[in-house]
Amino acid sequence: MRERFLALALGLAVFMLTGLSPQPLGAQEEAEIGLEQQDPVLDSGVKVKPRDPTKGSVTNMPIPRYVSLKGGEGNARRGPGLTHRIDWVFTTAGMPLRVTAEHEHWRRVEDAEGMGGWVHYALLSGVRTVLVTQDMAEFHDRADLASPVAFQTEMGVIGRLIECNSDWCRVNIQGEKGWAQKTALWGVDAGEVIE
């Protein structure tokens, strides 16, 4: 079957080079080619494992996942490469970003508002941060609404994640540490546990 497929492919290449039009395939040949494409096998006889869409094609890390902007500026481009147009510029160091795709040294990211593009991986850090999404969000001494409020922050403040349980995260904001409900934060998934 493989030899027949190769012969057909070689014949098609010859016809394309000579300018002649190829003869249509018979039903049996089409079925054999269809079987070959549905059941990819390497020369060693090992089946090719389909790519896991929940893992990055480059790093094999989860997709989506959160990272942060390493420096004070990062260009987000329309595509993965320096030749692509810059659509957006991130200007806040430590800003949490969600990685939604990978291609070689590039990561497609988006911010809390969904803005973004392709950023070179050297501009990103694995340090986890969060963005406060509620005005005057309360940070408690413990992961409990009944515990005393340690401090409050305005919307848009960025803090470093320390730990999270299923509903709360402990965050460091300018040296102040406290627990906030995940509903007041962007940069961590609901149910995500960080120790």
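A short reminder: the numbers here are calculations on the coordinates, not readings from a lab. What you are looking at is a predicted structure, and each value in this text was computed from that prediction instead of being measured. All Cβ positions, even for glycine, are placed from backbone atoms using ideal geometry, and neighbour counts span all protein chains on display.
Projecting the alpha carbon convex hull of region 51-172 along each direction and taking the average yields 8.2 nm².
A simple spin-label model places pseudo-atoms 7 Å from Cα toward Cβ; at S125 and D52 they are separated by 2.8 nm.
Annotation note: trypsin sites (Lys or Arg not before Pro) in region 115-195 located in DSSP loop regions with a Cβ neighbour count of at most 14 within 10 Å are R142.
Here the extension length gained between T100 and E73 equals 7.8 nm, from 0.36 nm per residue of separation less the Cα-Cα distance. Label-to-label distance, Q152 versus L82, with points set 7 angstrom from Cα along the beta-carbon direction: 4.9 nm. Exposure proxy shown here: for H105, H84, H140, the number of other Cβ atoms within 10 Å sets the order, fewest to most, as H105, H84, H140. Under 5 Å between amide hydrogens, built in the peptide plane, is the criterion, and for A150 it picks out F139, H140, D141 among residues at least 5 positions away or on other chains. Put a dot 7 Å past the Cα of N60, heading toward its Cβ, do the same for L145, and the two dots end up 4.4 nm apart. Give, as a single signed number, the net charge of other residues whose beta carbon lies under 13 Å from the beta carbon of W88, with Lys and Arg counted +1 and Asp and Glu -1. Taking every other residue near W88 into account, the sum is -1. Listed values for region 57-62 are Karplus-derived 3J(HN,Hα) couplings in whole Hz (6.51 cos²θ - 1.76 cosθ + 1.60, θ = phi - 60°), namely 5, 9, 9, 6, 8, x, and x replaces Gly and Pro.
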